[in-house]
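All remarks here apply to the structure that follows.
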Amino acid sequence: MKTFANTNPQTLEQAVKTIQQAGTKGQTASLVGGGSDLLGLVKEFIIKPDVLVNLKTIKGLDQVTPAAGGVNVGGLITLDSLGRHPLVRSQYTVLAEAAETVATPQIRNVGTLAGNVCQRPWCWYFRNGFPCLKNGGETCFSVIGENRFHAIFGGGPSYIVHPSDTAPALVALDAKFRVVGPSGERMVPAAEFFVLPKQDVAHENVLAADEVLAGVQLPPAGPGRRSTYNKVLDREAWTHAVVSAAVVLDMDNEICRSARIVLGGVAPIPWRLPKVESMLAGQRITPELAAKAGETAVVGAQKLSKNGYKVSMTKALVRRTLLTLTTRA
Amino acid sequence: MSKRKHDISRRQFLEGSGAAFAVATVAPALAGPLSAADLPVTEGVSPGVPSTAIRLVVNGAEHRIEVEDRWTLAELLRDHFGLTGTKIGCDRGECGACTVLLDGKPVYSCSNLAVWADGREVQTVEGLAHDGHLDPLQQAFIEHDGPQCGFCTSGQLMSAKGLLTRNPHPSPHEVQAAMTGNICRCSNYNHYVEAVMAASKNPKTSKRASGHSTASNAAAEVSATKRRRGASTSASTEGGAR
Amino acid sequence: MSLITRKTVGHPTPRIDALERVTGKATYSGDVHLPGMLYARILRSSHAHANIRQIDVSGALALPGVKTVLTHENCTVVWGSGSVSGGRQYIDEIKKTTRQKRYVFNNPVRFFGEPVAAVVATNRHIAEEALRLITVEYETLPHVLDQEDALRPESVKIWPDGNISLNAKNEAEPEVYRRGNVEEGFRTSEQVFEDRYTTTYVHNAQMEPRVCVASWEGDKLTLYTPTQGTSNCRHDMARDLGIPDEKVRVICKYMGGGFGNKNQNQDADLIAAMLAKEVGAPVKLELTRKEDFIGVHGRWPTTQYYKVGVNRDGVLQALQLRGYSGMGPYRKNSGAIGGVELYQCPNVESVVYPVYTNRAVSGNYRAPEFPQGFFGIQSMMDDVAYKMKMDPVEFVLKNMTRKSNDDVPYSNYTLEDCIRRGAEAFEWKKRWHAPGADTGPIKRGAGMSFMTIRSPLGQSSAVIRLDSNGRYTVFVGVTDIGAGAKTTMSMIAAEELDVPLSSIDLVWGDTDRCPFSVGESGSRTTDMTGGAVIEAARDLKKQIAEKGLPKGENALIASASPNPTSDGKVRKAFGAHFVEVEVDTELGRVRVLKYVAVHDSGRIINPLTAASQIKGGATQGIGMALHEDLFYDRRSGQPLTAGYYGARVMTHLDAPEIEVIFIESDDGYGPFGAKCIGEAGIVHAVAGVGNAIFNAIGHRMKDLPISRDRILGVLA
C-alpha cells in the first residue's frame, strides 16, 4: 500500500482545513467515507493520496432528520442504515431500494451515501490504469475498444457511465446536496451536481478538491408518491448497474400527476428523461403509454460498437418499472 | 536512465543441472546476513511511516497498539495479532474471504484500515467458539460439509454470524442475500445455505470443541506487544488427526 | 451390480479436518510465518509482446529495506513445467531436444503480466514500492490475441517456429484422431450440418491466491506452497534448480483450491527459492489476485468447427472436428478438445491445433479439455437433433458411445441409466418443448447433456504404521485441495483394516514424511492413492497375521506402491445433467430454475463430500456458461477483467439448487469400485445450460459466455 497519513477531523471545518493544509505542502488529500472504493483505487495506484481525511470521526453526519416536511440525510450514513431507515423506506423508497442494491452487505455496512454518490467510474480502462482522459491522459480507450458497459447518452470525450445507484435516486427525488467548503456551505440541486465529460472530463461532479458532500436535503414526499429503483446487473449481485431506473411518481389515484425518471448505467451522469416525464404528466399509465415511454426514453441514444443492447434494455426497463410502480398497491 | 549495467546480484542463477548455485561469488553487503536492524517489521511500525496509536477489542480482549496508517485491518489481524483465520483472497473487497465483524457487522477487513478500527470491536473466526464450545454455525458447517478447500469458510462464518444475530430465523433466500458478498469458488453454496438454515433452527446445539483436532478452540488472544518473535504458526506440526 | 453395504465407506462422514477449517486453525501457505522472514513481489511486463532493452534496478536497490532483485540478466533458470513440449513433462529427453523453453524471466516478454523482475524486502510495502522504482525499457512488438488470428500469415510469429505449438518431436502438428473415413461418411449421409462454436478463457479463480514461503537450511530447501502434488512439486523444484530431489522439502497442509493451476511447481516457487538462497533468509512471495489471474493460468479458449452427417433416422454417420486452442505463448498443457469420444459413429476425425497467442497462459482447469469441447459438440448435436425434429434425449440415446472409441469395452456401462434416471427425476417430458415456444418475454426451456470421463488406475503410494496403542497412521502424499482426500483416504483405510475411523491418523502434505502421491488432479486421488492405501492395508493385515499385533515400542509398517490396470478395459465415470432455465428476453437475464445431476462415479466413498464435488463442479459450469471471461483490450493486449469482480464469478445469489443423484456401481476396479468424481460435475454442465437456453429462446448461442448483451443481440 502506498504510504499516507490518516487524519481524524472532529468537524467539517477541520476536514476542509486539513485538505487545504495538505495542498499548501504540495500534498494530495483524499476524503474518506467508508473507504472501500477509495482503498481499491489507492491499492491500484489510480489515486495516490498523501493524506486521508477520515470523515467517520465527525459526529452527527450520519443522521436522518425530518426538516421542513422533508428529510435531511447526513452524507456519512451507511448504505445499510439508509436502506433500513423506516422514514426513508416509506417516503423515499427509491433511495432505500437504491442503497440496498449497492454491492454486498459488507460494503453497505461501511459504505456511505456521500461515498456512493462521489464514487469514481468503474470503467475497466480507468481502473486498470490506462492513460485515459479520467487518468489525466488524452484519449478514451472505450471508443474503439471494449465498450459494452459504456455510455449511450451524454458521452464524449469520455464514455464512462456514472457508477452510483443512489445518485439517480437522489436526482429523481429532486434532492439538494449540502456542500461544505472553505467559504462555508452551499446547496446544489442534485441535477446540477454531476458534470458531463464535455464540461469537465477530469471530474464527475462539481465538488472542488477542498469541498465535502456533507448531506442531502430531500423535499417533502406527497401522499400520492410511489417510487422504486430497478437495477439490471450482469450477475445476481455485486456488480454496478448495466442499466437502472429510478422512478418517482406522484399519483392522484389513477392519474400520474408528475413523474421523475432518472437512469443509471447509461450516461456519465444520472440521466434524467424530461421528455418521458412530460409525456406521463397528467396521464393514466397504461401498458401502451408505458411502452411509448420506453420508446421515448431511448430517443437520441448513441450506440458505440458493443453497447447497442443497452437501448432495448433501457426501453424495456423503463416500461416495466412504470407498470410495476403503477400496479403496486 | 543510466546506461551502466548495475550489479543486480553477483550470484548468478543459471540453468542446467547442478549449475544453479555454482557461481557463488561473494555476495555484496546488501545481500549479506541479516543484522538486527534488518529484522522484519511485521513486529512493529517502520520508522518514518505515519502511524497511530489505537485501542481496539478483538474477540473480547482489549489491545493497545501502534499501527501504520497504511495497514489494513486484515493485515493487523493476520500479521500482527497472529489471527490468521481471516484470509485474504483478493485484497480488493471483491471476494469476502477477509470478512470479520466490526461492531457486530460483517465488513471486508481488507477494505478497512486498521487505524479506523480505533475504539471499536472486532470479532474474527477465532472468536466464535466460547468456553471450548463451537458456535452452532461452526457445528453446522462441519455436519453439512460447508468447507471444501476452506479458504472462504472463515468469511462465510462471520457473514452468517452477522446475519443470525440480526435475523435469527432467515429464509433460504435471505441467507443467500446476506452471504452473497462471500464468494466460494469451490461453489459449495448449497451446503453453506443448508448449514446456516440448520444452525438457525438449532441455536442451542454445539458440541464440545474436541474431536479430531489438536488445535485449541479458545478465543485467540495475542497481545501485539508480546508477539512471539518469529514463532511459526503451526507451520511444522504434522496434520495428525486424533 | 448391487453394492454390499460397508461399515465406513459409503456413509456420509464429516471431514476429519473440518474442525480446523471452521475455527481458523488451518494453516495455509500464506499463514506461515518464519523467523527473519522477508517479503517478495514480482514486477510484471506492461506489454503483450516486447523485447526488454534494458532494466534499471538501481532505484529499487537503493530503497532502504530492499535486499536484492532478480531479473533475466542474472537468472536463466528454466521453468520446466511452465512450458512443456507437446504438453509433456520436462524430462531429460525433452530438455535436450526442445526448441521452446520458458524461463522464469523471459526476454522477449510474450504476454502482458510476464514476470520481469522480483524484489525482496523487509516488508511487503517496501517490496511493492521497490517495484515502482524499477525502470524497464521495452521495444514493443506486434501481438496477436485470438487463436485463429494467430495462424494467419500476417500475424506476428511469437516463436521462430511459428504459432502452432511444437509437440514433443518439435513438429508444428495438430493433435489428430481418426477412425473410419469421414469424407465417405459425409457422402453417405442423408443430411450434413456444419457450425462453429467458441469458448473463452476462464480462470480457475481459486480462493487462495498464489503464495509461497521458501527457506534454506544449508543446501536444503523447504518450500511451503499450495500444490496439488507435493511429490511433483518437489521433483520439479529440484530439476529446475539443479539439485537432488532429497534436498527439497515441500509442505502443504491446507490449500485454498486450485482446480488445476497448482500442479507441479510454479514460477513463483522458483523465484521465492532463489531469492531466499540469495538473501540467506526465508522469503514469502505473495501474488495479488490480479497477478494470479494473469500470471498463473486458466482454461484454454477454443474455436471449434463441426461437421456432422446423419442418416434419415438421425443416426451419426460421420463426425468431424477442426479445433483451435489458445495456449498463450507457452504450451503448459495439452490444448486438446474433448468430445468426439462421447458418440458412437463409424467415421470420426478430430484435428486440434494448439496455438500460441500473446495472452495469459492457458493450462489445466478442472477437466482441462472437456467443458469447452463438450459445450461445442453437445450444442452442435443438440442443434442436429432439433433440425432432425428429434427429442434431444432420443438423439443422445441413439448416438451416445457404448464402447470406448467404438472399439474397447468399458469396465462397466451405466450411461443409459444416468440419462433415463435423470430424465425421469427432472420430468423431462413436462419441461421440454418446442424451442422458443413460451409466449411472453420470460421464456422457460429445458436442456440436457451427458458425459463420460476417464477414471484411470495408476501408480501411487501409501504407508501405514500400526503402534501398540492400536493407532493406525496412514502416510499419503495428498494435500487436500478441497475434495476431502484426507477423509477419503482415512475412510478407505478404516474400511480395509476393518477398524473404526477414529483409530486412523493421517499424515499428509510433507515430502519428508509422506510417500509419492500422483497429485490431486485429473480426479485420480481416490482411485490411485486410495488403491495404494488398500494395498498397504492388506500388507499390514498380512503382517499382523504373521507377526501378531505390536507390543511396547514396536510398530508394524506396511507400504505399497501398486500400479494396477483395468485389464485392457476402459474405465470411465458417466453422468447426465438436466437443466431448466428461465430467460428474460427483454433484459437478457438467465436464471437456472431446476438442475438435476445424475452421476455414476462407481461406489461413493463419502456421499457427503462427493455431493459437494458435483454441486461445485456444476455451479462452476454455470458460471462458465453465463458469465466468465478474461477479455482483453485488443489494441494494447492488456487484460481488462482480471479479478473476481471483472470475471463475474458466481455468488450465493447466482447459485441454484443442484439436485444430485448417484447411481452407484462397482465395476470390480478401484477402491471398492470407486471411480473419479472431482471433475465429473463440470464437464457437461456448460452444454446443458446452453441447450436449455436454446430451448427457451429458440436461438442457438454459439459463443461463451452467454451474457446479457449476447442474448439481447441475438434477439434484436
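Set side by side, the residues C:T97, C:T13 differ, and just one is of a type in the set (S, T, Y), touching a helix residue (DSSP H, G or I) at 6+ places or on another chain (Cβ under 7 Å) and either facing chain B (nearest Cβ under 7 Å) or on the phi < 0 side of the Ramachandran plot (or both), which is C:T13.
So, B:L113, is that one among the aliphatic types (A, V, I, L, M), more than 7 Å from chain C (Cβ to nearest Cβ) and surrounded by 24 or more Cβ atoms within 10 Å (Cβ to Cβ) or not? When the stated conditions are applied, B:L113 passes them. All of C:A26, C:A60, C:A50 fail the test of being in contact with a strand residue (DSSP E or B) (Cβ under 6 Å, 6 or more places away or on another chain) and away from every other protein chain (no Cβ under 13 Å), apart from C:A50. Taking the conditions (1) outside any strand (DSSP E or B); (2) under 19 Å from A:F177 (Cα atoms); (3) free of Cβ contacts under 8 Å to residues at least 12 places away in the same chain; (4) of a type outside the set (D, E, K, R) in turn, A:G60 satisfies each one other than (3). Determine whether C:H33 is assigned to a loop (DSSP other than H, G, I, E, B), facing chain B (nearest Cβ under 7 Å) and out of contact with any strand residue (DSSP E or B) (no Cβ under 7 Å at 6 or more places or on another chain). For C:H33, the condition - assigned to a loop (DSSP other than H, G, I, E, B), facing chain B (nearest Cβ under 7 Å) and out of contact with any strand residue (DSSP E or B) (no Cβ under 7 Å at 6 or more places or on another chain) - is met. All conditions in (1) modelled with pLDDT under 50; (2) out of contact with any strand residue (DSSP E or B) (no Cβ under 9 Å at 6 or more places or on another chain); (3) more than 7 Å from every other protein chain (Cβ to nearest Cβ); (4) buried (at least 20 other Cβ atoms within 10 Å of the Cβ) hold for B:S213, with the sole exception of (3). Restricting attention to region B:133-151, the residues that are outside any loop (DSSP other than H, G, I, E, B) and not polar (S, T, N, Q) add up to 7. Apart from one condition, C:E341 fits all of (1) under 17 Å from C:Q317 (Cα atoms); (2) touching a helix residue (DSSP H, G or I) at 6+ places or on another chain (Cβ under 7 Å); (3) surrounded by fewer than 24 Cβ atoms within 10 Å (Cβ to Cβ); the exception is (2). Within region B:224-241, is even one residue modelled with pLDDT of 50 or more and either part of a helix (DSSP H, G or I) or in contact with a Phe, Trp or Tyr (Cβ under 9 Å, 6 or more places away or on another chain) (or both)? No, region B:224-241 has no match at all.
The set of residues from region C:385-397 being crowded, with 23+ Cβ neighbours inside 10 Å and farther than 14 Å from C:H433 by Cα comprises just one member, C:V396. The criterion of at least 2 residues that are within 14 Å of chain C (Cβ to nearest Cβ) and farther than 18 Å from A:A98 by Cβ is met by the following helices (runs of 4 or more DSSP H) wholly inside region A:253-329: A:287-297, A:309-327. For region C:543-566, the tally of residues that are free of Cβ contacts under 8 Å to residues at least 12 places away in the same chain and either in contact with a helix residue (DSSP H, G or I) (Cβ under 8 Å, 6 or more places away or on another chain) or of a type in the set (D, E, K, R) (or both) stands at 2. Exactly one condition in (1) touching a His at 6+ places or on another chain (Cβ under 6 Å); (2) closer than 30 Å to A:T324 by Cα is false for A:S142; which is it? Condition not satisfied by A:S142: (2). Somewhere in region C:364-375, is a residue closer than 30 Å to C:S155 by Cα, among the polar types (S, T, N, Q) and buried (at least 24 other Cβ atoms within 10 Å of the Cβ)? Yes, some residue in region C:364-375 is closer than 30 Å to C:S155 by Cα, among the polar types (S, T, N, Q) and buried (at least 24 other Cβ atoms within 10 Å of the Cβ).
Each residue in region B:70-100 was checked for being more than 7 Å from chain C (Cβ to nearest Cβ) and within 13 Å of B:G181 (Cβ to Cβ), and 5 of them qualify. One residue stands out among those in region B:150-169 that are out of contact with any Pro (no Cβ under 8 Å at 6 or more places or on another chain) and away from chain C (no Cβ under 14 Å): the one that is surrounded by the fewest Cβ atoms within 10 Å (Cβ to Cβ), which is B:H169. Out of the residues in region A:8-27 that are outside any helix (DSSP H, G or I), touching a residue at least 40 places away in the same chain (Cβ under 8 Å) and more than 9 Å from chain B (Cβ to nearest Cβ), state the one that is surrounded by the fewest Cβ atoms within 10 Å (Cβ to Cβ). In this case the residue turns out to be A:Q10. Flag: A:A151 matches the condition of being assigned to a loop (DSSP other than H, G, I, E, B) and either in contact (Cβ under 8 Å) with a residue 40 or more places away in the chain or of a type in the set (S, T, Y) (or both). Of the strands (runs of 3 or more DSSP E) lying entirely inside region C:543-657, those containing at least 3 residues that are crowded, with 22+ Cβ neighbours inside 10 Å and hydrophobic (A, V, I, L, M, F, W, C) span C:572-584, C:589-600.
The values are calculated or read from the model by the stated rules, or taken from the named source; none is laboratory data. Note that this is a predicted model, so its numbers are computed, not measured. All Cβ positions, even for glycine, are placed from backbone atoms using ideal geometry, and neighbour counts span all protein chains on display.
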